[in-house]
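Just so you know, all these numbers are worked out from the coordinates, no wet-lab data involved. Note that this is a predicted model, so its numbers are computed, not measured. Cβ sites come from the backbone with ideal geometry, for glycine too, and all protein chains shown count toward neighbours.
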Amino acid sequence: MASFSEMFSGRKRSSSVWTNFSYDEKQKKSKCLVSDCSMFVATKNPTNLKNHLMKHHRDVYDEMLSVEQEQKTQCNASKKMKIDGKFLLIISLSAEF
Ligand SMILES: [Zn+2]
């Protein structure tokens with residue numbers, strides 16, 4: 001059975017960079033969806049795609065970083081609530097005896 005730390009250390013697979021790119025399986029390229037760009041980047045590596053945003057769309061890049069930061073904060077908050085919920089459940093069960 002998975003421990004608490006194993007349950008909550010799961011890595012997020014999708015990157016928020018994909019809100020700005022669309023991957024073309026046939027061409028093996030990612031199309032930039034930022035308005036008036038439409039450039040193809042020959043990778044689906046989120047880090048490389050982020051570099052494109054950083055170089056060509058600094059404002060989009062900055063916004064993406066702040067969204068990522070927000071998501072991290074929300075994740076931490078829900079994590080704490082779940083652990084607290086489990087803890088409170090244990091307390092209420094033992095109180096019945
Ligand atoms: Zn672009």
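Assorted remarks:
- For GLU25, the shell of other residues with beta-carbons less than 12 Å away shows a net charge of +4, using +1 for Lys and Arg and -1 for Asp and Glu.
- Take the Cβ atoms of TYR23 and ALA77, set R0 to 35 Å, and the FRET efficiency comes out at 0.70.
- Principal axis dimensions, largest first and in whole angstrom, of region 17-94 by Cα: 61, 29, 17
- Distance between the 7 Å Cα→Cβ label points at GLU70 and ALA42: 3.6 nm.
- The local environment of VAL60, defined by Cβ-Cβ distances under 14 Å, has a net charge of -2 under the rule Lys, Arg +1 and Asp, Glu -1.
- Taking trypsin sites (Lys or Arg not before Pro) across region 17-55, the ones in a DSSP loop with at most 12 further Cβ atoms lying within 10 angstrom of their Cβ are LYS26, LYS28.
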